[in-house]
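Structure first, then comments.
Nothing in this text is a laboratory measurement; each read-out follows from the coordinates by a stated rule. For clarity, every value in this text was computed on a predicted model and none was experimentally measured. So basically every Cβ, Gly included, is an ideal-geometry build from the backbone, and we count neighbours across all protein chains shown.
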Amino acid sequence: MVRTKVGSALAVLALVFAACTPGASPTPGSPGTSPGTSPTGGAPSPTSAVKEGGTLVVALPGDMTAADPSFVSDSNSSYIHLNVVEGLLGTKPGSISEIEPVLAAEMPTVSDDLLTYTFKLREGIKFHDGEPFNAEAVVYNYERQLNAPEPLRDNYNYYFGAVFGGFAEKSNLASVTAIDATTVEFKLKQPQSNFLISQAPLPQFGIQSPKALKAGDADNPDPAKSPYAQGKGTGLVGTGPFKFKEWVPNDHVTIVKNEDYWNAAAKAHLDEVIFKPYADQTAEFNALQSGDIDMAQTILPNDAQSLEGNAEFQVFDRGDSCNVAVLQMNHTHKPLDNKDVRFAIAHALNKQAYIDAFYAGQAVPADNWMPPATQYYKALNLPTYDEAKAKEYITKSGLSGADLTIEFWYPADVSRPYMPDPKALAEAIATDLEKVGFTINFKTAGWRTGYLRDEAVGKFPMWLLGWTCDWAGPDNFLSTAFFHGDGGKPNKEFAYGPPELLSAFDKGLAAPTEADVKAAWEEAQDILARDLPTVPLVHSRPPAAGKAFIKGFVGAGNLNEALNTVWLDK
Amino acid sequence: MSAVTVAARPVPARASRGLWRDALRRLLRNRPALVGFFFIGIFVLAALLAPVIAPYDPLAGRLVDRLKPPSAEHIMGTDLQGRDEFSRILYGARVSLQVGVVSVVLGLLMGGTIGALAGGIGGRVDTILMRVVDVLLAIPGILLAIGIVAWLDRGLFQIMLAVAATNAPIFARLLRGSLLALRESDFVIAARSIGASSPRLLFRHLLPNALTPLIVQATLALATAIIDVAGLGFLGLGPPDPRTAEWGTMLTDSTKFLHQAQHLIFFPGLAIVISAIGFNLLGDGLRESLDPRLRR
Amino acid sequence: MLRYIARRLLGVIPVLFGLSIVLFAFVHLLPGDPAVALLGQHATPERTAAIRELLGLDKPLHEQYLLYLSDILRGDFGKSVIDNRLVVDEFLLRFPGTVELTVAALIFAVGIGIPLGRLAARHVQGWPDGAVTVVSLLGVSIPIFVLGLTLQVIFAVKLKWLPASGRIDPRLGIDAVTNFMLLDTLLAGKPAAFVDALKHLVLPAIALGSIPLAIVTRITRAAVLDVANEDYVRTARAKGLKERRVDDRHIMRNAWLPVTTVIGLQVGGLLAGAVITETVFAWNGVGAWVVDAIQNHDYLVVQNAILLFALIFIVVNLVVDIGYAYLNPRIRYS
């Protein structure tokens, strides 16, 4: 019964999208109104509109890095994997925080002490290699990560370690047991409020065919020697609507329709999807316009803007933002240790002007370190643009002249979903800050050649960075991304973290009741609003674009966009 | 690269002062060279007079004025921060010409020293130095530049140094090549036979003659230096202060707006092309006027 | 001649050795950290330290160098930190792409440059000369990425004559056998795909070939002018030979030498240019790979891909030099 329920929900979604007018462009500045987040209960339109078959060529910002989801932590790989491998749970198409059962038949039952989760599995599902999906397979998949060989831990199996706090005996996951063929029991050592929400969106917790994993030597401590991880002849054997076909590194990854998909109502319409990496975004946009590719997963906002009114193309809405861009500050560097200075900076920044200029309007000014659709989000009424107030705060700080000189770092060679053009954004921020009396000294470094390393150890006084959610929980933003403690003390990145904040984080994750969890996360947000350790800038909705004949695409702020609903109207 | 043809062509021994005066006279009669002079002159003037000519502050702009097409108010439009593109082109001439000149002079000093040592001393010194040059030449220039900028941290001077380092091995090889060829030439053999001392031989006879191809190559390198900076900028290794008005960076930054603001590609591109053509024409003119055999 | 070749071959060894040191230093002087590169937004100091240890980056530098040297001497070129693929596999996968692109660029440069140069020389200081000069100078004064992106906009986006990027339309489903796309399409027996692959070559070849085109043009012009002033040409003219015959028989035959030398020298420049061209045209070649590797701090890829790259550059130069010595016995090599 449940099975048909979800199945039909997906079908309805597909139809809702099929009914959308061609070339429908997103409504700017209206977060949360994406059709995906609010499936209407209206009568389904006739199915005859959907056309089957065809090939879709999708450009991604980079190549896949492994044909085994448990080994990757980059969004390009995940974007491909989630079409092929499914987990027990998933986020609802188009939503970042609503969870639904996928390979589980229903949401799990949870014991009163919040330590035991029991999942009932769907029956009769087969992996792409014909092997049966069952409780054994689930146990095998979780245990292979729980007991991953030493060299793979933290490094390749990043998400498992991050979610469960480590591997083997250090892990908060005590055991995964098959009660019978269709029942799996997860036991935790401590309550973990992010358990379900972290399992849902991440293909890293997808279930793959144990037989294929073993045959492909997927647990070889050196992934270079694993045919499975390299996608050589095998790899990515899951239960999803698409099957993995081939991977020519840096050239393309091809997945093909799974004719035997268990959810008949959500079967893929496309015969084949080809993913191609594009390093340069202008080149990618040219390729889209020339017809080399049908769709670009991420394009520059100003390019999206230039497609407006072009009947041949459409810009896809991503719904709720699942990211944040932040003007980061380290409190060991003067004058950023001064709270008045931080408030002055916050008041000096014209966030809306940045959104209009560099995000083509596809963003909202941030009033929190986590985006509005996150669990336990509350509006914090952080300082807004007001030059006069900025100057007041500067006067209040008692600093002037050379004391107001700040070294400001930006990454030179990247474009991130939350900051499409970091250099231009940094320039505009500097202009605003100099207007109220600061002096900005620019510094830059390559994203992976210095930037990420140096900011993490507190070398930068002020810098641009942000976060794209792994899952839409407050822990993933407030703690993991930013102010997590380091052995009970503030971390080096920000040198900020009063004890009450760190203990609120702990309570928020491990409190024994839902109400306590909520109270703890709200307390954490209030502390941050009080101290304003850094200045959140925007939550962006990075645009995707494609040919007008693409129908049924369901965009999502967390990029969980399985392409089984997509069909080609040509 | 056109230096290849002029390398190793000894000029008959004669008083070098006469040679230079002759060359200058021929240069002034060379039409393309004069056009080159003219182009470069425009930009030198622009650089010097930028504060007088520029209608706006090249660093100040408002975001609401961004990406405006050329108009009476902003004859070259505005850039992505809303700044006047014309004023930035004028001020950019200062930085870009400086980048070109400094990086080439640095390259000449580095390469010239290596080349002179190798060609002047010869023997084992020559072998070792030329092996080093071979190693440097074997690494694609842009990668060498990336390495240097990444290593020394980003900055305008570091960028100039990187561009210099990619030119230096070419200069070194060129100078050494012409020195070696000259050593075997009749006039040097003659000078040696009448008992000219080694240093005198090197400074009085060899270097003045061998410098010709180097000067020509240097003129051509001036043009490519600005482009090299743009290439570094494309890979994220441009000047750290994004407000700096520099043609290469301006061009690089605007490729992101290829579809919205072609004027931001066109004007800095045009400035680079014109200055490059200027330097190239001048280089050609120099080559022809320094080569007496091409006298017409 | 044989002794000359043997000596040149021996000379390669110290260069490669020096190169290994330079590359090792290059990579270790780069700021940043492969461990951080691997972890991206999830990097923390503890996790970074663990990975450094795993990769042996915590050992003293000289030890690391000796390990590296012994690895490459054993033919072990290591693997990527980011995607765990063997450098040699990856190089063999991508090198054909770079060869196809550079050869096409060279054909473009030579095929157009020599006639243009001869045209300019024939009308020296006339308007064709001026026009050729300006066109060739445009080529050297526009950065490759600007030229490449502009060509894409004109010929792919606006006119839709040619594809914008990539090596072939992936919808055609050509199996990679040799990774030379032109060969693979023929092996697959699909002439239409061969044409598609050819079309994909045009724009990147023009972008990459623009600089060598300018140089070949100018050198041809200069060489023809040089030769045209020689006595035997004047004699030939004086004999009343047709201008065309003088051109072909007397001038070009002698002007070839400097032109071929310069073409050989262009190979190095082309490989460097390929670095950016491949990125702009999403061309699956060695250049784009190395840029990626540098930006990702994928240190073994940087070290060894450039080493393999340089090795090929050296071999090409060697062949050119030997060919040059063979063609021109007047030149003594000391």
In whole Hz, what ³J(HN,Hα) sequence does region A:355-368 give by Karplus (6.51, -1.76, 1.60; θ = phi - 60°), x for Gly and Pro?
5, 5, 7, 10, 10, 6, x, 8, 6, 10, x, 7, 10, 5
Amide hydrogen neighbours beyond the local backbone of A:Glu106, cut-off 5 Å, H modeled:
A:Lys120
For region C:97-192, convex hull volume per residue from C-alpha positions, Å³
131
D for chain B, whole µm²/s, Stokes-Einstein with Kirkwood Rh over alpha-carbon pairs at 37 °C and 0.692 mPa s: what number?
158
Applying a 10 Å radius around every beta-carbon, put A:212-222, A:197-207, A:298-308 in order of their mean neighbour count, most first.
A:197-207, A:298-308, A:212-222
DSSP bridge pairs, the protein assembly as shown: antiparallel proportion in percent, nearest 5
75
If you line up the long axis of helix A:339-348 against the longest principal axis of chain A, both from Cα atoms, how many degrees apart are they, to the nearest 10?
70
Note to self: C-alpha centroids of region C:138-156 and region A:305-320 sit apart, in Å, by 27
Past the 56 angstrom mark, what percentage of all C-alpha to C-alpha distances in the protein assembly as shown do you count?
21
Hey, got the average number of other protein chain Cβ atoms within 10 angstrom for residues in A:247-255?
5
Run through every distinct alpha carbon pair of region B:97-137 and return the Kirkwood hydrodynamic radius in angstroms, one decimal place.
10.9
About its Cα centre, chain A carries a charge dipole, from +1 on Lys and Arg Cβ atoms and -1 on Asp and Glu Cβ atoms, whose size in debye to the nearest 20 is 140
Electrostatic dipole magnitude of chain C [Cβ: Lys, Arg +1; Asp, Glu -1; Cα centre; debye, to 20]:
1760
Test item: A:213-224 mean partner chain Cβ contacts at 10 Å:
1
Using θ = phi - 60° and the Karplus form 6.51 cos²θ - 1.76 cosθ + 1.60, what ³J(HN,Hα) does each residue of region B:94-108 get, whole Hz, x for Gly and Pro?
4, 5, 5, 5, 4, 4, x, 5, 5, 5, 6, 5, 4, x, 5
Peptide ranges B:210-222, A:389-401 listed from the most packed, as the mean C-beta count within 10 angstrom indicates
B:210-222, A:389-401
Taking placed amide H atoms and a strict 5 Å upper bound, the residues 5 or more places from A:Gly90 or on another chain that come that close are A:Glu100, A:Val102
Charge dipole magnitude, Cβ of K and R +1, D and E -1 - region C:42-150, Cα centre, debye nearest 20
400
The long-range amide H neighbours of C:Lys79, using H built 1.01 Å from N in the peptide plane and a cut-off of under 5 Å, are C:Val87
Taking every pair of alpha-carbon atoms in region B:28-135, what share in percent sits in each 5 Å bin, from 0 to the bin with the longest distance?
2, 11, 13, 12, 11, 10, 9, 9, 8, 6, 5, 3, 1, 0
Folded to 0 to 90 degrees: helix C:61-73 orientation relative to chain C principal axis, Cα
60
Can you order the peptides B:145-151, A:51-57 by their average number of other Cβ atoms within 10 Å per residue, highest first?
B:145-151, A:51-57
Please sort by residue number the GluC sites (Glu not before Pro) in region A:224-303 whose DSSP state is loop and whose Cβ has at most 10 other Cβ atoms within 10 Å.
A:Glu259
Quick one: 3J(HN,Hα) in Hz for region A:510-523, Karplus 6.51/-1.76/1.60 with θ = phi - 60°, rounded, Gly and Pro as x.
10, 5, x, 10, 4, 5, 4, 4, 4, 4, 5, 5, 5, 4
Of C:Gln266, C:Thr235, C:Val291, which is farthest towards the positive pole of region C:174-297's charge dipole, taken about the Cα centre with +1 and -1 on the beta-carbons of Lys, Arg and Asp, Glu respectively?
C:Thr235
Normalising by the residue count of region A:389-546, find the relative contact order in percent from Cα pairs under 8 Å and 6+ residues apart.
20
Counting C-alpha atoms alone, how compact is region A:206-351: give Rg to one decimal and Dmax as a whole number, in angstrom.
22.6, 62
Residues A:Cys322, A:Cys469 in order from fewest to most other beta-carbon atoms within 10 Å are A:Cys469, A:Cys322
Going by how many other Cβ atoms sit within 10 Å of their own, how do A:Thr405, A:Thr65 line up, fewest first?
A:Thr405, A:Thr65
What average number of partner chain Cβ atoms lie no more than 10 Å from the Cβ of the residues making up A:270-281?
4
Working from Cα positions, state the angle (0 to 90°, nearest 10) between the long axis of helix A:281-290 and the longest principal axis of chain A.
50
Put one equal scatterer on each alpha carbon of region B:46-108, apply the Debye formula with no solvent term, and list log10 I(q)/I(0) at q = 0.19, 0.23, 0.27 1/Å to two decimals.
-0.68, -0.86, -1.03
Over region A:81-159, calculate the relative contact order: mean separation of alpha carbon pairs under 8 Å at least 6 apart, over the residue count, as a percent.
15
Mean separation of Cα contacts under 8 Å, 6 or more apart, over the residue count of chain A: relative contact order %:
22
Provide Rg over Rh for region A:431-570; use the alpha carbon set for both Rg and the Kirkwood Rh (inverse mean inverse pair distance).
1.07
Dimensionless Rg/Rh of chain A, both radii on Cα and Rh by Kirkwood, sits at 0.96
Expressed as a whole percent, how much of the Cα-Cα distance distribution for region B:157-296 exceeds 24 Å?
49
If one computes the Cα centroid of region A:137-210 and of region A:516-570, what distance in Å separates the two points?
25
